Each structure stands twice: as structure tokens, then as C-alpha cells.
1. List, please: which pairs have Cβ atoms under 8 Å, are six or more places apart or on different chains, and start with a residue in segment 80-108 that is in contact (Cβ under 8 Å) with a residue 24 or more places away in the chain and end with one that is of a type in the set (Lys, Arg)?
2. Just to check your reading of the model, which residue among 48, 126, 35 is among the small types (Gly, Ala, Ser), touching a residue at least 12 places away in the same chain (Cβ under 8 Å) and farther than 22 Å from residue 3 by Cα?
3. For segment 1-27, give me each residue that is surrounded by 11 or more Cβ atoms within 10 Å (Cβ to Cβ), more than 16 Å from residue 99 (Cα to Cα) and not aliphatic (A, V, I, L, M).
4. Looking at 96, 70, which one is out of contact with any Gly (no Cβ under 6 Å at 6 or more places or on another chain) and under 27 Å from residue 39 (Cα atoms)?
5. Among 46, 37, which is at pLDDT 90 or above and outside any helix (DSSP H, G or I)?
6. So which residues in segment 1-31 are closer than 15 Å to residue 60 by Cα and either touching a strand residue (DSSP E or B) at 6+ places or on another chain (Cβ under 7 Å) or of a type outside the set (A, V, I, L, M, F, W, C) (or both), if there are any at all?
7. I'd like to check something: does segment 53-74 contain any residue that is more than 30 Å from residue 127 (Cα to Cα) and either free of Cβ contacts under 8 Å to residues at least 40 places away in the same chain or open to solvent by 70 Å² or more (accessible area, probe 1.4 Å) (or both)?
8. Does any residue of segment 90-98 turn out to be under 16 Å from residue 12 (Cα atoms) and not in a helix (DSSP H, G or I)?
Amino acid sequence: MLFWCTVIFISTCSASLETFLESGIINFNWTGNPSYSDFFNPMPVSPSLVFLLRKLGHAFVFFILTAVLFSMKGNLLYSGLSAFFFAVSTEILQLFFARDGRLFDVAFDSLGIVLALIILAVIYMSKTRAEMVPLDE
């Protein structure tokens, strides 16, 4: 979990995710007085395919985080709330690193969280139901 949270943190705070992915160079730009109103900027009306793929990445990253948290604690509520808190925190943190932290990104993060919780709940219920069914002799 620590590894995955570090990956998210570096992705969140690095000045350019593309530069980091291409060259492995991590560069942080601190902004001590960010514009908090930017957090509430709306999603583009006509998002590009690249934009939508990035948002799919948000969902994927938090899907994995939720699954890792559940594997550690075995508690759906804890896993979902912890992942959501981390999602909100990273989006706000981006404002301090000259990045675009947005409320709608929290929604995409939450999509991954909810999808993970649904899948994990179905798996958990299936295992529980299978354990309760008596074996035929």
C-alpha cells in the first residue's frame, strides 16, 4: 500500500507527469498561495480522447488503491472512505504543486473506488454464500 500511495503522490505532485513517465525525472513546483477557486472549475464541454483516458487513469489508480486497502483491512467501509479521503487530499494537494486539482477529478477517482467496492462486495458475498452451502454427500 505504501508503494501505491507513493506512486499516487509522485503522480499528483510532479510538475509534469509526462516528463516523469518519459524520462523518470521528477520535478516539483511548490505554489504557496494557490487559487482554491480552480478546484471548482467545470469539466470541459467537449473533452478530448486524451483527457478521457487520463480520467480513466484516475479511476484505475483509485480502484487499485481501494482493492489494496481492502486486502489489508478486510473492511469495505474503511477501504472506501480511506481511498476517498486520499482522493480528495491529492486533488487539493495538486493546487499547491502548480497542478490542476479539480472536484470533477474526485468524481472520477470515486468511480474507481465504487467499482472496486462493488466487485469486492460481490466476491465477498459469493465466498460467504459458498461457505454456507452444505456439501452433498
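The values are calculated or read from the model by the stated rules, or taken from the named source; none is laboratory data. Every value quoted in this text rests on a predicted model; they were computed, and no experiment measured them. Heads up, the Cβs are rebuilt from the backbone with ideal geometry, glycines too, and the neighbour counts pull from every protein chain shown. SASA here: full protein model, heavy atoms, side chains in, ligands and nucleic acids out. Shrake-Rupley method; radii C 1.70, N 1.55, O 1.52, S 1.80 Å.
1. These pairs meet every condition: 91/102; 105/55; 108/55.
2. Numbers: 48 fails: touching a residue at least 12 places away in the same chain (Cβ under 8 Å); 126 fails: touching a residue at least 12 places away in the same chain (Cβ under 8 Å).
Being among the small types (Gly, Ala, Ser), touching a residue at least 12 places away in the same chain (Cβ under 8 Å) and farther than 22 Å from residue 3 by Cα holds for just one of 48, 126, 35, which is 35.
3. Passing the criteria: 4, 5.
4. On the way: 70 fails: under 27 Å from residue 39 (Cα atoms).
Among 96, 70, only 96 is out of contact with any Gly (no Cβ under 6 Å at 6 or more places or on another chain) and under 27 Å from residue 39 (Cα atoms).
5. On the way: 37 fails: outside any helix (DSSP H, G or I).
From the options 46, 37, the qualifying one is 46.
6. 11, 12
7. At the first step, the residues of segment 53-74 found to be more than 30 Å from residue 127 (Cα to Cα) are 53-55.
Retained after the next criterion (residues that are either free of Cβ contacts under 8 Å to residues at least 40 places away in the same chain or open to solvent by 70 Å² or more (accessible area, probe 1.4 Å) (or both)): 53-54.
Yes, because at least one residue in segment 53-74 is more than 30 Å from residue 127 (Cα to Cα) and either free of Cβ contacts under 8 Å to residues at least 40 places away in the same chain or open to solvent by 70 Å² or more (accessible area, probe 1.4 Å) (or both).
8. Taking segment 90-98 first, the residues under 16 Å from residue 12 (Cα atoms) are 90-98.
Checking the rest, the ones that are also not in a helix (DSSP H, G or I) come to 97-98.
Yes, segment 90-98 contains a residue that is under 16 Å from residue 12 (Cα atoms) and not in a helix (DSSP H, G or I).
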